[in-house]
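Single-structure report; data block below.
The values are calculated or read from the model by the stated rules, or taken from the named source; none is laboratory data. Remember, predicted model here, so these are calculated numbers, not experimental data. Don't worry about glycine lacking a Cβ; one is built from the backbone with ideal geometry, like all the others, and counts go over all protein chains shown. Areas reflect the complete protein model, heavy atoms only, side chains present, ligands, DNA and RNA absent. Shrake-Rupley method; radii C 1.70, N 1.55, O 1.52, S 1.80 Å.
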Amino acid sequence: MEVGIINYGSGNIGNVTRSLRALNVNYKIINKLSDFKNIDKIILPGQGAFKSAIENLKKSGVYNKIIEHNNDEKPILAICLGMQLLFYNSDEFMNCEGLKLLSGEVKKLNVKNMPSPIIGWYKIFNLNKTNNNPVFNKDSLNKYYYFAHSMYCLLGEENAHITNVKYNGINVISTVNYNNIYGTQFHPELSNQSGLTIINNFLNL
């Protein structure tokens, strides 16, 4: 098994690679189409701006390859901005279009009496009574994770989200799973052992 980490010019790649090294996992940085050879799973890291990330993915040709990877039902772990890129569009840059792998859109996060971006450790809440999700299981749910974001995801009806995070009484999606896609609004690579548990669960799919 080899894991590909998508490079779109930002994305917090360094911390993701450190997490994979801690788990003794082979990985490859994906910069161009040929880098996808022998890749079973991909991680779409999260940091930066929606528009420039999409533009860089299209420029490198990796944009269409991610869609192909999804069509082949191969696992995808998308982190923070990486998760937002999977949606149809974002309000961050005047309705900029994303990868369109998840229906829904990305909206500006406005929470009364809280700064933007919201940065810090927050507890995620399990929305399901069962904990049988292969990635977001009982060992990773209802724990604290590191968040840093100013946008949030508004899902289409057919998509399933697993947990919420609560900011001053406002619920925001914190994890999503739709078929082979697993997304986190928080940064598991910066969230100590709980975050490593999620990454390891994904790698064991």
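Tally up the carbon and sulfur contribution to the accessible surface of the chain as a whole percent, 1.4 Å probe, everything protein left in place. About 45 percent, which is the carbon plus sulfur part of the accessible surface. How big is the Rg/Rh ratio for the range 144-193, C-alpha atoms only, Rh by Kirkwood, two decimals? Dividing the radius of gyration by the Kirkwood radius yields 0.96. Peptide packing for 182-195, 41-54 was compared via the average number of neighbouring C-beta atoms within 10 Å per residue; ordered from the highest value, the list is 182-195, 41-54. With helices as the sole contributors, the chain gives -6500 deg cm²/dmol at 222 nm; each DSSP H run of n ≥ 4 counts as -39500 (n - 2.57), and the sum is divided by every residue. Once C-alpha pairs closer than 8 Å and six or more residues apart are averaged by separation and normalised to the residue number of the chain, the relative contact order reads 19 percent. Placing a label point 7 Å from the Cα of K51 along the Cα-to-Cβ line, the residues of the range 88-117 whose backbone N sits under 19 Å from it are 88-100, 105-109, 117.
For I13, what charge total do you get from the other residues with a beta carbon under 14 Å from its beta carbon, if Lys and Arg give +1 and Asp and Glu give -1? Intermediate results must be reported in sequence, preceding the final value.
Working: positive: R18, R21, K28; negative: D35, E189.
Net of charged neighbours comes to +1.
Less than 5 angstrom separates the built amide H of A160 from those of N177, all sequence-distant by 5 or more or on a different chain. What nm value, rounded to one decimal, do you get for the distance between K37 and K74 when each label is placed 7 Å out toward the C-beta? According to this spin-label approximation, the distance is 1.3 nm. Short-range pairs are left out: with C-alpha atoms under 8 Å and at least six residues apart, the relative contact order of the range 29-88 is 51 percent. Per residue, the solvent-accessible area of the chain (1.4 Å probe, heavy atoms of protein chains only, all protein chains present) comes to 46 Å².
Largest first, what is the accessible-area ranking of E105, E68 with a 1.4 Å probe?
Details: E105 55, E68 85 Å².
Ranked from most to least accessible, the order is E68, E105.
Summary of packing: across the peptides 70-76, 108-114, 12-18, the per-residue average of other C-beta atoms within 10 Å ranks them, highest first, as 12-18, 70-76, 108-114.
Kindly provide log₁₀ I(q)/I(0) values, in the same order as q = 0.16, 0.19, 0.20 Å⁻¹, from the Debye equation applied to equal alpha-carbon scatterers of the range 13-83. The Debye formula, applied to the Cα set alone, gives -0.57, -0.83, -0.92. Surface calculation, 1.4 Å probe, protein heavy atoms: F36 sits at approximately 20 Å² accessible.
Coordinate range of the alpha-carbon atoms in the range 74-139 per principal axis, descending: 38, 37, 17 Å.
The label point for N132 and the one for I170, both projected 7 Å from the Cα toward the Cβ, are 3.6 nm apart. Sequentially through the range 134-150, phi angles give Karplus couplings (6.51, -1.76, 1.60; θ = phi - 60°) of x, 9, 9, 9, 4, 7, 10, 8, 6, 10, 8, 9, 8, 10, 7, 7, 10 Hz, Gly and Pro residues having no value and appearing as x. As a ratio to 2.2 N^0.38 Å, the alpha-carbon radius of gyration computed for the range 1-149 takes the value 1.08.
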